Amino acid sequence: MPVQLILRSIPDGKVIKKFDSDQGTIKIGRGPRDSSDTLRLNSGRFRGDGTKVMSQSHASLSWEGGDSYKVPMLTDTKSTNGTWVERAGDATQLRPKVPYRLKQDDVITFGKQMDSRQSRASPQFQSSHLSPYHVTLSRPSADLRSISSHTFLPPLSNLLGSHCSFFETNISRAL
C-alpha cells in the first residue's frame, strides 16, 4: 500500500504538495515562473516568494522499504543554500548526497536565511523568503466498497471453538 507524504505551509496549514510512494524518486527544486508544473500537487517543482533560496535541483525524495511499508528519504543534492529538517525543536542541516529519513511532524526548510556578512556574492534575504513545510505521512484510505464485509470478521470457530459452525454459516448468509 502506498505511503503519502504531504507538505503543508506553516503557519496556515495549506497543503502545498502531496507525494505518493508509487511516484518513485521525485526531484525537488524551484521551477520556472511560467510553468504550470509548479501548480500540480504531485510535482516536485515549487514556485513562489518562499522559493527564492531554493535551487533548481535542490533535493530528491525517495522511498525505502518493501511493498508493505515505505519510508520517505530526503536527500540534499548539493544545493546552494542547503536543506534543513527540524524534529522536536532540533534543526539538522542535511549533508549533501546523504539520505535522511523523514518522520511525522518534521519541518523541512529548503535554503537558509543569508545576509551580506555570510557571502558577498549572495543577496540579502529576509526570513519571509524561507518557506518551512510541515510533514504529514499517511496511507491513502482503501476503497471500502471493494472489501467484502466478512473480511473484517474472523471465523467464529477461531473465537469460540469448533462447536459454532451452525452459527457461523447463518451469520455469513445474513451478511
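Read-outs throughout are calculated quantities, based only on the coordinates presented, and are distinct from any laboratory measurement. All of these numbers come straight from a predicted model, not from anything done at the bench. Ideal geometry is used to build each Cβ from the backbone, glycine not excepted, and the neighbour counts take in all protein chains shown.
For the reader, a short list of remarks on this structure follows.
- Charge tally for Ser35 (other residues, Cβ to Cβ under 13 Å; Lys, Arg +1; Asp, Glu -1): +3.
- Sum of side-chain charges, Gly111 neighbourhood, beta-carbon under 10 Å (Lys, Arg +1; Asp, Glu -1): +3
- Volume per residue for segment 22-102 equals 107 cubic angstrom (convex hull of Cα atoms).
- Ser62-Arg33 FRET efficiency (beta carbon distance; Förster radius 25 Å; 0.05 resolution): 0.35
- Its alpha carbons give segment 13-60 an Rg and a Dmax of 10.5, 30 Å.
- Taking amide H as placed 1.01 Å from N in the peptide plane, Lys17 has its amide H under 5 Å from the amide H of Leu7, each at least 5 places away in sequence or on another chain.
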